[in-house]
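The values are calculated or read from the model by the stated rules, or taken from the named source; none is laboratory data. Just so you know, these numbers come straight off a predicted model, no measurement behind them. No Cβ is skipped: glycine too gets one built from the backbone with ideal geometry, and neighbour counts run over all protein chains shown. Areas reflect the complete protein model, heavy atoms only, side chains present, ligands, DNA and RNA absent. Shrake-Rupley method; radii C 1.70, N 1.55, O 1.52, S 1.80 Å.
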Amino acid sequence: MDYHHHHHHHHHLCYKMQECFNAIQNKISDCNSLQDRHGSRYLINGKVVIEHSPGLSGPGKSATVQIYSSTVIDPNTRKGKLNGKACLKKGKSSKKDGTKTTVYKIKLHVEPGFGNPGAFLIENNHKHRFFLQSATLVTPENKVIHFDCRSWVYPIKDTNTSRIFFSNTCYLPSKTPACLVELRKEELESLRGDGTGERKEWDRIYDYDLYDDLGNPEKGPDHVRPVLGGSRSRPYPRRGRTGRPATKNGTINLDTYVPPDERCSPKKLSEFIANAIQATAHFHLPEAKSLPRDSSSFESFGDIRDLYSNNRRQAMRGTSVTEKVKKFVPAQLFKDVTHVIGEVDIKFPLPQIIRANQFAWKLDEEFGRQMLAGTNPTRIHCLREFPPRGTLTESYIEQSDIEHNLDGLSFEQAMKQWRIYVLDHHDYLLPFLRKMYSEGVRPCASRTLLFLRNDATLKPLAIELSYPGSSNNVDGMKTMVFLPEKEDIPQALWQLAKAHVAANDSAYHQLISHWLHTHAVVEPFIIATRRQLSVMHPIHRLLDPHFKDTMHINALARTVLINAGGILEKTLFTGKFSMELSSELYKQWRFDEQAIPSDLIKRCMALEDSENPRGALMLFQDYPYGLDGLDIWLAIQTWVGDFCDIFYEDDPSVKSDTEIQAWWSEIRNVGHGDKRKEKWWCQMTTKADLKRTLTTLVWIASALHASVNFGQYSYAGYPPNRPSRCRKFVPEEGTMEFAEFLKDPDKYFLNMLPDRFEASLGIALMEVLSRHTSEEVYLGQRATSEWIDNKQVKQRFEKFNKSLREIEKQIMERNGDPELMNRRGPAKVPYKLLYPDATKVETPAGITAKGIPNSISI
């Protein structure tokens, strides 16, 4: 059985849909005269599946099709023989979820000896675009040829050229049938464009640009941001070029150019916006008294708890919200959104971290566990030399601070047994700390040492905080070391220190683990794939599902999340230095170290093990991200390896693949061009190089992104557990602040957390990002069973799906194993972030904290 979803598209919402789809009369007469001239002896029959908005007729006879032979060449054009135009014949329509699908018939008369069709041209002479789902042609010999199109076809009056689609048979460049060689080349050239001009909505052009659109200088000097990418001081991956001036009118610009094939479907876009409205309803509603638009602090933990519903929905009609939304959303989109929203719940759902136990988050064991199984499990590493050192400083934590707390081991034994771990958010922050100090933000850099106990739980040993010293000593950094203690006051100070560590980790997680290491680094791979690998290329077919919606989501992020004054700057302690910081950390990024075995080995969480098919041996089993991650990695690696073996016999076949070589060269020299001189890039001369590269890329887009994205609401949806910024430093003895703290330590903690407005904005963001949308296609699934014409590939893919289902069983067993303490922890949150959900068919959207989508699609 094939695991696949059917995706539904309607018309792009931002388009005025007046009196639609009137058939064009003069075309009809052309078509009729063509029909009767030929006998039916050489007839190719076909069907074309088109989606359009209900209430509109389909393109009908105003769309014509011509086919190219894949076996008989036309000596004049050096391309396959091209037959005459045929019109689409009325088909059957069906409706589902607000999408109308029409299956048209088509009859193509061809000369004797035309051979098999290899490609077709479609021309849209209508005034509206339509979404071409698929086409199927049947030759006189009853050979069935599938075309998996899934693309918008725009009116020829806009594009001036007809669209070509190739069948789902794949060829390496050197094996392309002679008839298709020219067509293959032309199609790729047209996708590259010439690097000039402003992109129109219907353009299918892929090109690169710098991140030069984040600032908004017209709003004043506070909104100026440096250009990222293209310089040694501020390197960055490239983004897609729009050729449009960045809009500066302060509205959310949902019209940024994204190549049509990279756009989210209208249904998904309206769902995404509906989620955002739902989440931010808390700001707009006069009824929501609990949230004044003020910057007051929470009065008590109960006060924070009141932000969340007690399962019964406190629903109200979304009218007052929707009025506000109307202002910045295109009209058609607005209609769809209000249709999706219906009820708006003015309370947030209860995050997993406080569901079973309201105070488990305060426990040191849970603080440590989240470094292994939380939403940012990729930063902790095993300490190999003491004291910890960074590129700038050496730690102030001393042996005597921790040696009494090692469960009976001596300090030497603990080091020798690889039992001391560190969460390091120190030196990379130091140069920015003073600049980040501002109204309502008290920034610290931190190092946290932890001890791996016999039951594999992590026990925090010490926290070192550095912060900008007094204002007259500009470079002075102050450093304090905190230890976990039993007495009330030191214990309360320790809780404050942990909040600063969590704030560091939140910003690193959002800007680096999430935005930079998945969203930003994948975009150049998408652009290079579209520009250099033909859709006929098997590797293009392999990668395509892993790129779904990513460029569109990134374009939306540039307009609301990572821009000057955007949501990340408003919520993270890194403020307006957020993106600059991510550029600083891109300097350390290496594509080869994104493979999870390499990452675990680098962080000393595993040892290299060439005998093991996973390539790494875990130091201790109870590291949920590492353990599940290596299983998923092995499954992806096996599938990608199987796939490559079907198309490449040997190393020379990779080396001589002109498209793959151009693709790899463009990624290294252009898309990630700021790193072109680095020595770790592979040479792409062997099958092993290709397999490793593709496995790593699929891993980043699917599992790595899922592991850092979909657990955000579970953990960061409750600000005391993961505040995104702190408004106070930990107080020093002898100061006014310390006196205030002694009077009421809990109140001091609450005043340190983000204020109501920032906290609610942060929770709303976590909620939107943690939701799966209904159109998600998960790892081990394809959107259609006809994605490739190759039985062997389909068998191997079925094997891949089966291996993922096995992993699901294993994950559930691990989560139920009482020996594995870190799988659920004191808060009883089971680790399912790497649970593939490979058999999910019609998914209810929502916050499930599990499931690995194929692509970075939120």
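Among (1) out of contact with any Phe, Trp or Tyr (no Cβ under 9 Å at 6 or more places or on another chain); (2) open to solvent by less than 40 Å² (accessible area, probe 1.4 Å), which single condition is Gln413 missing?
Every listed condition holds for Gln413 apart from (2).
Quick grid of which residues meet (1) modelled with pLDDT under 95; (2) over 21 Å from Leu516 (Cβ atoms):
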{"residue": "Tyr206", "(1), (2)": "no, yes"}
{"residue": "Pro221", "(1), (2)": "yes, yes"}
{"residue": "Val258", "(1), (2)": "yes, no"}
{"residue": "Ala276", "(1), (2)": "yes, yes"}
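Would you please list the contacts, defined by Cβ atoms under 8 Å and residues six or more apart or on different chains, that run from a residue in the range 92-117 that is open to solvent by less than 40 Å² (accessible area, probe 1.4 Å) to a residue that is among the aromatic types (Phe, Trp, Tyr)?
Within 8 Å, the pairs are Val110/Tyr42; Phe114/Tyr42; Pro117/Tyr68.
Mind telling me which of the residues Asn76, Asn83 ends up being open to solvent by less than 30 Å² (accessible area, probe 1.4 Å) and either small (Gly, Ala, Ser) or out of contact with any Gly (no Cβ under 8 Å at 6 or more places or on another chain) (or both)?
Asn83
Out of Asn721, Asn751, report the one residue that is within 26 Å of the chain's Cα centre (by Cα) and either closer than 28 Å to Glu366 by Cβ or without any contact (Cβ under 8 Å) to a residue 60 or more places away in the chain (or both).
One residue alone meets the criteria, Asn721.
Within the range 174-218, can you find the residues that are basic (Lys, Arg) and surrounded by fewer than 17 Cβ atoms within 10 Å (Cβ to Cβ)?
The answer is Lys175, Lys185, Arg192, Lys200.
For the range 541-623, list the helices (runs of 4 or more DSSP H) that sit wholly inside it and hold at least 2 residues that are of a type in the set (Asp, Glu), at pLDDT 95 or above and farther than 25 Å from Ala688 by Cα; which are they?
Counting at least 2 such residues, we get 578-586.
Trp787 fails exactly one of the following numbered conditions: (1) of a type outside the set (Ser, Thr, Tyr); (2) more than 19 Å from the chain's Cα centre (by Cα); (3) surrounded by 22 or more Cβ atoms within 10 Å (Cβ to Cβ). What is the number of that condition?
(3)
Working carefully through the options Lys486, Lys498, find the one that is more than 21 Å from His672 (Cβ to Cβ), touching a residue at least 12 places away in the same chain (Cβ under 8 Å) and of a type in the set (Lys, Arg).
Going through Lys486, Lys498 in turn, just one is more than 21 Å from His672 (Cβ to Cβ), touching a residue at least 12 places away in the same chain (Cβ under 8 Å) and of a type in the set (Lys, Arg): Lys498.
Limited to the range 355-384, what total is found for residues that are touching a strand residue (DSSP E or B) at 6+ places or on another chain (Cβ under 8 Å), open to solvent by less than 50 Å² (accessible area, probe 1.4 Å) and assigned to a helix (DSSP H, G or I)?
Counting residues in the range 355-384 that are touching a strand residue (DSSP E or B) at 6+ places or on another chain (Cβ under 8 Å), open to solvent by less than 50 Å² (accessible area, probe 1.4 Å) and assigned to a helix (DSSP H, G or I) gives 6.
Could you check how many residues of the range 554-590 are open to solvent by 10 Å² or more (accessible area, probe 1.4 Å) and of a type in the set (Val, Ile, Thr)?
Total satisfying the criteria: 3.
If I go through the range 140-154 residue by residue, how many of them are crowded, with 19+ Cβ neighbours inside 10 Å and in a loop (DSSP other than H, G, I, E, B)?
Number of matching residues: 1.
I'd like to check something: does the range 385-401 contain any residue that is open to solvent by 80 Å² or more (accessible area, probe 1.4 Å), out of contact with any Cys (no Cβ under 8 Å at 6 or more places or on another chain) and within 14 Å of Ala462 (Cα to Cα)?
There is at least one residue in the range 385-401 that is open to solvent by 80 Å² or more (accessible area, probe 1.4 Å), out of contact with any Cys (no Cβ under 8 Å at 6 or more places or on another chain) and within 14 Å of Ala462 (Cα to Cα).
Could you list all residues from the range 665-690 that are without any contact (Cβ under 8 Å) to a residue 60 or more places away in the chain, assigned to a helix (DSSP H, G or I), under 30 Å from Ser233 (Cβ atoms) and open to solvent by less than 40 Å² (accessible area, probe 1.4 Å)?
none
So which residues in the range 481-505 are within 12 Å of Ser446 (Cβ to Cβ) and either among the small types (Gly, Ala, Ser) or modelled with pLDDT under 95 (or both), if there are any at all?
Within the range 481-505, Ala497, Ala499, Ala502, Ala503 qualify.
Is the range 815-830 home to any residue that is under 20 Å from Trp787 (Cα atoms), open to solvent by less than 30 Å² (accessible area, probe 1.4 Å), touching a residue at least 60 places away in the same chain (Cβ under 8 Å) and of a type outside the set (Lys, Arg)?
no
Looking at the range 619-636, I want the residues that are under 19 Å from Ser513 (Cα atoms) and have a partner that is modelled with pLDDT of 95 or more and of a type in the set (D, E, K, R) with Cβ atoms under 6 Å, at least 6 apart or on another chain. Which pairs are those?
Pro624/Arg823
Taking Thr693 and the conditions (1) in a helix (DSSP H, G or I); (2) open to solvent by 10 Å² or more (accessible area, probe 1.4 Å); (3) under 28 Å from Pro613 (Cβ atoms), which numbered condition does it fall short on, given that it satisfies the others?
Tallying (1) in a helix (DSSP H, G or I); (2) open to solvent by 10 Å² or more (accessible area, probe 1.4 Å); (3) under 28 Å from Pro613 (Cβ atoms), Thr693 fails exactly one: (2).
Looking at (1) on the phi < 0 side of the Ramachandran plot; (2) at pLDDT below 95; (3) surrounded by fewer than 16 Cβ atoms within 10 Å (Cβ to Cβ), which one does Asn160 not meet, given that it meets all the others?
So the condition that Asn160 fails would be (1).
Which condition number does Glu659 fail, the rest of (1) outside any helix (DSSP H, G or I); (2) open to solvent by 10 Å² or more (accessible area, probe 1.4 Å); (3) in contact with a helix residue (DSSP H, G or I) (Cβ under 8 Å, 6 or more places away or on another chain) being met?
So Glu659 meets the others, but not (1).
Residue check, Asp424 against (1) modelled with pLDDT under 95; (2) touching a Lys or Arg at 6+ places or on another chain (Cβ under 8 Å); (3) open to solvent by 20 Å² or more (accessible area, probe 1.4 Å), all met but one. Which one?
Against the list (1) modelled with pLDDT under 95; (2) touching a Lys or Arg at 6+ places or on another chain (Cβ under 8 Å); (3) open to solvent by 20 Å² or more (accessible area, probe 1.4 Å), Asp424 comes up short only on (1).
Which numbered condition trips up Arg293, out of (1) at pLDDT below 85; (2) crowded, with 21+ Cβ neighbours inside 10 Å; (3) among the basic types (Lys, Arg)?
(2)
A quick yes/no check of all residues on (1) in contact (Cβ under 8 Å) with a residue 60 or more places away in the chain; (2) under 17 Å from Ala497 (Cβ atoms); (3) out of contact with any Ser or Thr (no Cβ under 6 Å at 6 or more places or on another chain); (4) in a strand (DSSP E or B):
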site	(1), (2), (3), (4)
Leu409	no, no, yes, no
Leu423	yes, yes, no, yes
Arg434	no, no, yes, no
Ser446	no, yes, yes, yes
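Tell me which of these Gly734 doesn't satisfy, since it passes every other one: (1) farther than 30 Å from Ser855 by Cα; (2) touching a residue at least 60 places away in the same chain (Cβ under 8 Å); (3) not polar (S, T, N, Q).
Gly734 satisfies every listed condition except (2).
What residue, of Tyr68, Tyr104, is at pLDDT 90 or above and closer than 18 Å to Asn125 by Cα?
Tyr104
Check Ile463, Ile527 and return the single one that is of a type outside the set (Gly, Ala, Ser) and assigned to a helix (DSSP H, G or I).
Exactly one residue qualifies, and that residue is Ile527.
Among (1) assigned to a loop (DSSP other than H, G, I, E, B); (2) more than 21 Å from Phe348 (Cβ to Cβ); (3) of a type in the set (Lys, Arg), where does Arg725 come up short?
The failed condition is (2).
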